[in-house]
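Student: Structure in structure tokens, see below.
The values are calculated or read from the model by the stated rules, or taken from the named source; none is laboratory data. Since we're looking at a predicted model, the values are computed, not measured. Quick reminder, even Gly has a Cβ in these numbers, built from the backbone with ideal geometry, and neighbours come from all protein chains shown.
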Amino acid sequence: MKTQVGIIGGGPAGLLLSQILHVNGIDSVILERQTRAYVLGRIRAGVLEQGLTDTLRRVDVGDRLDREGQVHGGVNLAFGGRMVRIDLEGLTGGKTVTVYGQTEVTRDLYEARDAMGGVIIDEAEDVTPHDLTTDTPALSYRKDGEAHRIECDFVAACDGFHGVGRQSFPSGSLKTYEKVYPFGWLGILSRTKPANHELIYGNHERGFVLCSMRAERLSRYYVQVAADEDVDAWSDERFWDELCRRLPEDVAAGIEQGPSIEKSLTPLRSFVAEPLNYGRLFLAGDAGHIVPPTGAKGLNLAASDVHYLSEGLISYYGSGDESGLRAYSERALRRIWKAERFSWWMTMLMHKLADDDGFGGKVQRAELDYLTGSQAAMTALAENYVGLPYYPRSRDFLNQASSSTNRSAFQLRAALRPSFSRIELNSSISGDDSRLARAMASSSIDRSMTWRTPIISYEALMSFLLYSTVAAGSLAIVAA
Ligand SMILES: Cc1cc2nc3c(=O)[nH]c(=O)nc-3n(C[C@H](O)[C@H](O)[C@H](O)COP(=O)(O)OP(=O)(O)OC[C@H]3O[C@@H](n4cnc5c(N)ncnc54)[C@H](O)[C@@H]3O)c2cc1C
């Protein structure tokens with residue numbers, strides 16, 4: 001079999017990449033080790049950043065998300081017997097997060113890939129990448145006892161932390177950075193009404209607690225436990241009791257208890273591998289990095305990796321331009337490290353630390369006090385929590401335009417700010433017509449390539465530039 005991009009792993013990263021490539025006319029094949037039922041049964045992330053929800057909508061996977069996802073404009077920190085709401089929406093100029101289970105994202109992506117004839121090979125065993133430094137890499141695998149081989153142009157390893165992708169780098173070609181935390185999260189899922197309409201992250205002398213949700217009557221709760229805790233030692237009754245003891249009294253009083261339908265232990269780890277590519281092999285998602293779940297960043301980082309990687313592949317297949325693929329690792333890692341920092345910081349802020357009675361505990365409580373009393377500190381938390389922007393290829397493009405057109409630096413910088421008054425594109429624009437039309441529909445650009453809306457969003461500009469190639473020298477940006 002032949003394809004353009006061979007994808008290892010049918011989790012959210014692999015499925016999303018395949019879907020983006022498909023709507024951009026690029027073929028891919030996904031090899032997944034597990035059965036589909038197993039992949040769909042995994043209960044994991046549930047807080048989606050706007051970058052991910054925008055991407056899902058752009059590739060026709062947003063309908064159910066828009067119907068069933070819960071948009072949250074705030075998040076709560078509970079400590080010292082009180083609860084403080086961080087106004088995400090107000091502090092970030094209108095940005096929000098959406099609560100929608102990873103299981104649902106995965107289901108929607110599987111359905112979209114099936115409907116569009118995508119090739120996903122489940123229960124593929126012994127997947128092995130070959131010839132990664134040549135122009136014709138390949139993936140071999142076994143299915144139902146038979147050996148198969150897929151020839152491709154590129155291999156995307158979206159196969160999670162324990163996958164084969166990262167292991168295929170030659171020894172010495174990867175540098176890894178790791179921090180393992182001495183605690184884990186014991187989580188349950190239960191068909192009960194959530195404790196609150198927005199998430200509550202709690203810091204308590206007995207340990208961290210998180211009240212989250214997946215749907216109107218589907219709650220997800222976590223309590224901090226030892227990293228090697230025995231899950232079987234936790235009856236539902238013990239779990240609910242511990243949860244309530246760690247929450248402010250009024251919140252605990254409103255907790256609806258019920259039988260757990262899933263109970264599991266998640267160890268906490270920070271991990272990054274650098275670089276994210278070797279020859280024609282690219283790592284995306286958990287294959288290249290792990291964050292502790294405290295900042296709700298894992299799934300979202302997988303999506304931003306896929307965004308950068310797909311941009312590189314779209315440029316390559318559209319115009320033979322390899323610069324996006326060459327820059328992939330560096331671009332993705334810039335955003336990854338910021339999310340690593342934020343997830344580590346939130347973990348250290350909210351968990352019971354080894355020296356809780358000493359200096360560490362005192363500093364932690366001072367930081368919570370400072371954070372919840374400072375608009376600047378809350379804004380920093382909010383902008384990280386809703387998700388930092390995807391640094392666009394267009395930034396490079398605009399820099400090129402700057403040097404070739406004598407536009408003033410001020411005008412070009414204005415385009416990188418969230419709002420500006422007018423964009424005029426005066427000459428040739430090339431790109432797939434249907435994609436241009438889609439970008440135009442979402443950003444009010446008419447076919448004469450002049451924006452009619454006086455104030456247009458940053459996202460709309462980036463979405464347009466992502467799908468089009470504008471001849472350098474043709475762009476005029478008029479500052480607000
Ligand atoms: C309890 C928990 C809570 C979390 N909460 C959040 C949250 O709120 N927000 C957030 O953003 N993130 C969260 N995360 C993290 C998030 O779930 C992951 O970051 C996300 O699943 C990464 O997606 P992925 O596609 O990169 O990897 P995975 O989901 O791990 O998918 C990899 C796929 O590759 C397959 N595979 C592995 N090896 C092979 C092989 N050799 N051959 C073929 N296929 C293979 C696997 O079966 C799997 O289907 C949470 C994680 C956990 C465990």
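Student: Among Ser212, Ser219, Ser171, which is the only one that is among the hydroxyl-bearing types (Ser, Thr, Tyr) and part of a loop (DSSP other than H, G, I, E, B)?
Tutor: Just a single option satisfies the conditions, and that option is Ser171.
Student: Residues of the range 124-136 being within 16 Å of the ligand (Cβ to nearest atom) and under 9 Å from Gly279 (Cα atoms), which ones?
Tutor: Narrowing the range 124-136 to residues within 16 Å of the ligand (Cβ to nearest atom): 124-130, 132.
Answer for the range 124-136, where residues must be within 16 Å of the ligand (Cβ to nearest atom) and under 9 Å from Gly279 (Cα atoms): just Leu132.
Student: Given the criteria at pLDDT 95 or above, over 14 Å from the mean Cα position of the chain (by Cα), outside any loop (DSSP other than H, G, I, E, B) and small (Gly, Ala, Ser), does Ser270 qualify?
Tutor: In short, yes.
Student: Touching a Ser or Thr at 6+ places or on another chain (Cβ under 6 Å), closer than 25 Å to Pro12 by Cβ and outside any loop (DSSP other than H, G, I, E, B) - does that describe any residue in the range 226-239?
Tutor: no
Student: Check the range 35-58 and report whether any residue there is closer than 16 Å to Ala112 by Cβ, within 9 Å of the ligand (Cβ to nearest atom) and out of contact with any strand residue (DSSP E or B) (no Cβ under 9 Å at 6 or more places or on another chain).
Tutor: Checked the range 35-58: at least one residue is closer than 16 Å to Ala112 by Cβ, within 9 Å of the ligand (Cβ to nearest atom) and out of contact with any strand residue (DSSP E or B) (no Cβ under 9 Å at 6 or more places or on another chain).
Student: If we scan the range 3-12, do we find a residue that is assigned to a loop (DSSP other than H, G, I, E, B) and more than 14 Å from the ligand (Cβ to nearest atom)?
Tutor: The initial filter retains those residues of the range 3-12 that are assigned to a loop (DSSP other than H, G, I, E, B), namely 3-4, 9-11.
Within this subset, residues satisfying the condition of being more than 14 Å from the ligand (Cβ to nearest atom) are 3-4.
Within the range 3-12, one or more residues are assigned to a loop (DSSP other than H, G, I, E, B) and more than 14 Å from the ligand (Cβ to nearest atom).
Condition check ((1) in contact with a helix residue (DSSP H, G or I) (Cβ under 6 Å, 6 or more places away or on another chain); (2) in a helix (DSSP H, G or I)) across all residues:
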| position | (1), (2) |
| --- | --- |
| Gly318 | no, yes |
| Asp321 | yes, no |
| Ser329 | no, yes |
| Ala332 | yes, yes |
| Arg335 | yes, yes |
| Glu340 | no, yes |
| Ser343 | yes, yes |
| Ala354 | no, no |
| Gly360 | no, yes |
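Student: Can you tell me which residue within the range 15-30, out of those that are small (Gly, Ala, Ser) and either in a strand (DSSP E or B) or over 16 Å from Ile150 (Cα atoms) (or both), is nearest to the ligand (Cβ to nearest atom)?
Tutor: Out of the qualifying residues, it is Ser28.
Student: Tell me which helices (runs of 4 or more DSSP H) are completely within the range 31-128 and hold 1 or more residues being over 21 Å from the mean Cα position of the chain (by Cα), more than 17 Å from Ser304 (Cα to Cα) and among the acidic types (Asp, Glu), or say none if there are none.
Tutor: Helices (runs of 4 or more DSSP H) meeting the threshold: 102-115.
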